[in-house]
Amino acid sequence: MPNVVIIGIGSNIDAEENISKMLKILSSEVEIKKISALVKTKPIGIENQPDFTNGAVKIETPHKKKELKRLLKKIEDRLGRDRKAPRFGPRTIDLDIVVWNGEIVDADYYTRDFLRKSVDEVLI
């Protein structure tokens, strides 16, 4: 049985291009089932930066959670994610596992409306 996972997506550096590239890379590793609408959001924490583009993608994967996290980090690195940048600073791509087999595993789901709406959109 594959794992059903929802990944939160964020970018504010060439967002559309980086999200498109990420989806292409991701689709070569897992089965993409559904992609939410992308929404513009104001930055959190460091406000002097471009708005973010956020969304969510529902996938099915044989990967275990640790393996998938490693894969997502590899994709972030491949797309130029700067790991030395401030936590809430600009980024080419940010990928977080939000739901794992029906269980919410990222507390941001409860505090960020845009994330909850995107996740709920692909849950169906």
Provide the FRET efficiency to the nearest 0.05 for the LYS73-SER27 pair, computing r from the beta carbons and using R0 = 22 Å.
0.80
I need the phi-derived Karplus couplings for the range 54-59: 6.51 cos²θ - 1.76 cosθ + 1.60, θ = phi - 60°, integer Hz, Gly and Pro marked x.
10, x, 8, 9, 9, 10
Dipole of the chain, Cα-centred, from +1 at each Lys and Arg C-beta and -1 at each Asp and Glu C-beta, to the nearest 20 debye?
380 debye
Going through the range 25-66, which trypsin sites (Lys or Arg not before Pro) have at most 16 other Cβ atoms within 10 Å and a DSSP loop state?
LYS64
To the nearest 0.05, what FRET efficiency results for THR111 and MET1 with a Förster distance of 30 Å applied to their C-beta separation?
0.45
Taking R0 as 35 Å, what FRET efficiency do you get between ARG83 and ASP120 from their Cβ-Cβ distance, rounded to the nearest 0.05?
0.70
One quarter of the convex hull surface, Cα atoms only: what value does that give for the chain in nm²?
7.0 nm²
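Throughout, read-outs are computed from the coordinates displayed, never taken from laboratory work. The structure displayed is predicted, hence computed values, not measured ones. Note that each Cβ is placed from the backbone with ideal geometry, even for glycine, and that neighbours are counted across all protein chains shown.
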